[in-house]
Amino acid sequence: MDMNEIKEIFFQECEEQLAELESGLLKLNDGDRDPETVNAVFRAVHSIKGGAGAFGLDDLVSFAHVFETTLDCVRSNRLDPGPEVLKVMLKSADVLADLTNAARDGGSVDEARSRQLIKELEALANGEVPQASAAPVEVVAKPVAAVAAPPVNEEGFQPVAFSFDDFEAAEEPPLMETPTYEIVFRPKSDLYAKGNEATLLLRDLSRLGDMSIHCDMEALPTLDRLSPESAYFFWKIQLATDKGEDAIRAVFEFAEWDCDLEISLASDEAASSDEELPMQPVPFDLSILDDEPAVSVGVVEEEEQLASQQLGNAAVSVAGTASNVLQMAQSAARAPAEKAAPAASAAAQGAAGQQAAASAATPTIRVDLDRVDRLINLVGELVINQAMLSQSVVENDTNGTSSINMGLEELQQLTREIQDSVMAIRAQPVKPVFQRMSRIVREIADMTGKSVRLITEGENTEVDKTVIDKLAEPLTHMIRNAVDHGLETPEKRLAAGKSAEGTVRLTAKHRSGRIVIELADDGAGINREKVRQKAIDNDLIAADANLSDEEIDNLIFHAGFSTADKISDISGRGVGMDVVKRSIQALGGRINISSKPGHGSVFTMSLPLTLAVLDGMVVTVANQTLVVPLTAIVETLQPEASAIHSFGANQRLISIRNSFCPLVDVGRILNFRAIQANPVEGVALLVESEGGGQRALMVDAIQGQRQVVIKSLEANYTHVPGIAAATILGDGRVALILDVDAIVAASRGQSLKPEMSLAAVG
Amino acid sequence: MTYAAKNLTTDGRELIAFRVGAQEFCVNIMSVREIRGWTPATPMPHAPSYVLGVINLRGAVLPIVDLSARLGMTPADPTVRHVIIVAQVKSQVVGLLVDAVSDILTITNDKIQPTPDVVSSEFEKSFARGVLAIEGRMICLIELEAIFPQEEREAA
């Protein structure tokens, strides 16, 4: 694995961390005060900082560091995460995302903005916190680290000062308010083999708070049996810290696989059993380590001498002798050493096992999208082949051999199940896209000086990855429009009797096999007079055109249409809603708007859950087999002669429950036949098109319903007006999938051209 | 079938010769993916007359072009005896309906004679890259990319 791959993984993880960060901040913004949320946010920034440091991404590191510092204040309850604080933090999250992107793609970031935010963050960390201790741990630690880096000898071992002699406790430990942890740190030889250094870990630990250490050398064999590469010592540490167990674990982060680690809160009873200890723990000051010469582990006698020498030098504070050792370790010490060791390690394993179980809650793997796509293609082929097999068996099997049929039925169910499971691999919650939107809302709210609240619902609604990827762009446009055009300025809102803060609600839900995304704002709604005037000015409609409200609303989807009085940075370049509409249509979706003057507008998008399969009705038209998407069909009916009414030269209407609906001969529209078919001989499919209007599509016969795999026509051919895509049916032949909206538009007198003219919209 | 002289010089190239109506044509073998029998195609609405429709080629949708009609000759009436040459044209794959594949030729570039200036239409000039005299027959070397210019395919 080369550096770039590792870096790529880092950036992928960054994306996840950024998402985690943003969702955590938003939770806090909504009043969540769960310490876990704060921790999650902190961890996210911390991980990014750590990774960025490894890759030398200095900009990222320095920003993340300041951010982390401020978050640390929140974490330790020195800073209350009020709305103002969170506003800065959310902005910082945005900048952090920008910096990450810039680090990956080499783009530039708004440096003034990040500098400004660094200042704001620092102000939060310092200004609002009275105690001097507000300074972050890292900052305090830095000078220490610089001085304290000890010389490491060739063996990579630093001696720890200790004494073999009994050592009397001079005084009782002072009563500590901060929780005291008892840690048993039992390195394995692997720890040293991997270049880790117990001393450094202990020193890091000492920075967390007041610490005393006892080194247990029970396991040390006599010199002739000593293996120089084995680890014989373990340490019992008592640490008074308010940083929490996580911070302690963090110290051992890179060593945890190579040592047994037990961490527990100290209890006072430990003090009473002090005398029973065969060997007194020796408290010592770690700072002596820095002045001491390096000593090899093998030379025990020498070490002994050195140790007593060190004791003389060391500024030994005898605090914390009593509860220095774990109770369990005490009893183990009284028992024979052979028995004690396995017991302790078993306990340690138990603890490690629990930890592993906690982190293994939802195991995930990263898979290349290409591999998944290949699998999906193959399953598509499997479905087609299975259908072909079934069909040929049905054709050749005159006496209906039940075992073959049963086998085939089972095969069919299995293929369906495989297909569903494979599709589920690609299904992702819309959450990441929705989260991106909250950032866009913040930015535009800032730019326009409006106060906006984004409410998202149904973030966990799952939809195919391709749909998600293509959703971001139109959604961004729409959100921008909603804030820029939809919502009024705070003054106007107050004047209209609304709250100053506008609300944009983004909702996702599943509805009849599609995902429906709704974007609602509580703004002024569409100004129909203005839209109409604009359309007339731009020669889009005739001045005397008689349009319904719905038709006027839909004018905004027309290319080159923007009602913003002045062209703003945000929207109003006239490339808004028509682009949105086109990209939604390209996804096989529909978009509608409904607006109430004074109460806001609702955009409703309905999208297929996947772009790979479609439930369709297989029909026959002029001897050709076509597939009509099931989602478009409202109902099917067998027209009676009495229900058909001629209208004008060659229009016909069908009366359905006393309303008239235009009849469209699919065969004629697609040029499959020269003259219109007799409606009475065929079947009418009542379809609803995007404009909301209903049409009755005439087909010759219905063959059945089937899930079909969508095949691109464009790959080897070209876009065909009136045809959405192709599929392969059970007999191996290609069938065309009807583009219902285009057919309906064509029936309104347009030629079937990919570019829709205005009348198709209005 | 005629045995074509194998002349494996450095500038030698291999061509596939096929019959359309009474004439013989050839294309560079490197653009040919496979040769398969005729299967009924699904007609496409609003397609040019020379596009017979689309067929299923192992899961891909493959348009079939009647080369005879495309070259301005009598449209073919496809039967099971017809052959589809699956060819790569730029990024797309198309099926060419021809009467029969007749030969694989290995020739050197100097065997290719310039197209006689009897051809009148610009279209024929654009796709004919030269003619070959092989054992008394005349085989016209055609350029597939000229037959299916991208703009025309998109407009189709």
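All of the numbers you see were taken from the coordinates with simple rules; none came from a lab. Here the structure is a predicted model, which is why all the values come from computation and not from measurement. We place every Cβ from the backbone using ideal geometry, glycine too, and count neighbours over all the protein chains shown.
Key figures
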read-out	value
Sparsely packed chymotrypsin sites (Phe, Trp or Tyr not before Pro) within the stretch A:653-738, loop by DSSP, other Cβ within 10 Å at most 13	none
Spin-label pair A:Ala54/A:Asn678, simplified geometry with 7 Å Cα→Cβ offset, distance in nm	7.7 nm
Whether the stretch A:582-678 is rounded, prolate or oblate, judged on the alpha carbon gyration tensor where a/c under 1.5 counts as rounded	oblate
Unit charges on C-beta of K, R, D, E only; dipole of the stretch A:3-125, Debye	340 debye
Loop-resident sites, the stretch B:25-103, for trypsin sites (Lys or Arg not before Pro), counting at most 11 other Cβ within 10 Å (DSSP)	B:Arg58, B:Arg81
Whole-angstrom gap from the stretch A:1-46 to the stretch A:597-664, using each part's C-alpha centre	47 Å
Ranked A:Ser595, B:Ser31, criterion: other C-beta atoms within 10 Å, fewest first	B:Ser31, A:Ser595
Contour minus Cα-Cα distance for A:Glu245 and A:Val393 (0.36 nm per residue)	46.6 nm
Taking A:Lys91, A:Lys465 and counting other C-beta atoms within 10 Å, the order from fewest to most	A:Lys465, A:Lys91
18 Å Cα-Cα threshold exceeded, pairs from A:Lys27/A:Lys91; A:Lys188/A:Lys236; A:Lys450/A:Lys498; A:Lys450/A:Lys596; A:Lys87/A:Lys243; A:Lys87/A:Lys498	A:Lys450/A:Lys596; A:Lys87/A:Lys243; A:Lys87/A:Lys498
Footprinting exposure proxy for A:Lys243, A:Lys581 (fewest neighbouring C-beta atoms within 10 Å first)	A:Lys243, A:Lys581
